[in-house]
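Each remark here refers to the structure printed beneath this line.
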Amino acid sequence: PFPAGACQPQTAAPFTDVPLYSSFCGSIAWLKTRQVSSGYADGGFHASASLTRQAMAAFLYRLSSGGTNAPACTSAPFPDVATSSTFCGAIAWLKTQHASAGYADGGFHPLTPMSRQAMAAFLFRLDNPGTTQPNCSTPPFPDVPASSTFCGAIAWLKTQQASAGYPDGGFHPAAAMSRQAMAAFLYRLNTT
């Protein structure tokens, strides 16, 4: 029997490196059919690779725009994002949506791996425009204290049934977000 989240046995794998029996296959296939990701030139999705902040911006833009790529930039949204960057338009859009104001140094840090807690904040801000993250009265996971800056967004993600955490009960907020986990989060947020 195939695990929950796997692709149907009679379907084709969405990418060369995503087996049908992977518990992320269904989410990754959903991402591909919505033109959120076409994968890499080698035909793979690189499912367990860390998702960079710039790739996250591209995923979110394409998801919100029905699979189209962001337009080119006329001005840099952050000092470390060149207008010639493939991801400039998506990052600029993310900034206009108030999903990211960047880091304290003024940069976006496009090649930095996306942390799970930052991903929760981006998704909360996009889904709740102009709304401040709620404060936590109860930690949503044992490794997310109520005092955490990201507690409200992570709690929201849990209430949306987008994350149940890891088998150890934790959310692992500072861990790098994998591409396959991002596919699962986006699938759950948009289908449950």
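Among the residues of segment 112-126, are any among the hydrophobic types (A, V, I, L, M, F, W, C) and in contact with a strand residue (DSSP E or B) (Cβ under 7 Å, 6 or more places away or on another chain)? Steps first, answer last, please.
Taking segment 112-126 first, the residues among the hydrophobic types (A, V, I, L, M, F, W, C) are 114, 118-124, 126.
With in contact with a strand residue (DSSP E or B) (Cβ under 7 Å, 6 or more places away or on another chain) added as a condition, the list becomes 114.
Yes.
From the list 74, 16, the one residue that fits, being in a loop (DSSP other than H, G, I, E, B), among the polar types (S, T, N, Q), loosely packed, with under 13 Cβ neighbours inside 10 Å and in contact with an Asp or Glu (Cβ under 9 Å, 6 or more places away or on another chain), is 16. So residue 127 passes all but one of these: (1) open to solvent by 40 Å² or more (accessible area, probe 1.4 Å); (2) within 15 Å of residue 177 (Cβ to Cβ); (3) in contact (Cβ under 8 Å) with a residue 60 or more places away in the chain. Which condition number does it fail? Exception for residue 127: condition (2).
Scanning segment 77-116 for residues being open to solvent by 80 Å² or more (accessible area, probe 1.4 Å) and touching a His at 6+ places or on another chain (Cβ under 9 Å) gives a total of 1. Limited to segment 53-65, what total is found for residues that are under 17 Å from residue 190 (Cβ atoms) and touching a Lys or Arg at 6+ places or on another chain (Cβ under 8 Å)? Total meeting the criteria: 2.
For segment 19-71, a residue qualifies if it is among the charged types (D, E, K, R) and crowded, with 21+ Cβ neighbours inside 10 Å, and exactly one does: 53. Here is a check on your reading of the model: is residue 183 small (Gly, Ala, Ser) and closer than 20 Å to residue 65 by Cβ? When the stated conditions are applied, residue 183 passes them.
Counting only residues that are under 16 Å from residue 113 (Cβ atoms), open to solvent by 30 Å² or more (accessible area, probe 1.4 Å) and outside any loop (DSSP other than H, G, I, E, B), segment 152-192 holds 2 of them. Out of all the residues in segment 22-57, which are of a type in the set (D, E, K, R) and outside any helix (DSSP H, G or I)? Answer for segment 22-57, where residues must be of a type in the set (D, E, K, R) and outside any helix (DSSP H, G or I): 34, 42.
Pairing residues of segment 41-64 that are in contact (Cβ under 8 Å) with a residue 12 or more places away in the chain with residues that are of a type in the set (Gly, Ala, Ser), at Cβ distances under 6 Å and at least 6 apart in sequence or on separate chains, gives 45/39; 48/178; 50/176; 57/90; 58/90; 61/70; 61/90.
Cβ separations smaller than 6 Å between residues 6+ apart or across chains give the following pairs from segment 81-94 residues that are at pLDDT 95 or above to residues that are aromatic (Phe, Trp, Tyr): 81/108; 90/61; 91/108; 93/61. Of the listed requirements (1) within 29 Å of residue 89 (Cα to Cα); (2) at pLDDT 95 or above, residue 171 misses just one: (1).
The values are calculated or read from the model by the stated rules, or taken from the named source; none is laboratory data. Keep in mind it's a predicted model, so treat the numbers as computed, not measured. Quick reminder, even Gly has a Cβ in these numbers, built from the backbone with ideal geometry, and neighbours come from all protein chains shown. Side chains included, ligands, DNA and RNA excluded: accessible areas come from the protein's heavy atoms. Shrake-Rupley method; radii C 1.70, N 1.55, O 1.52, S 1.80 Å.
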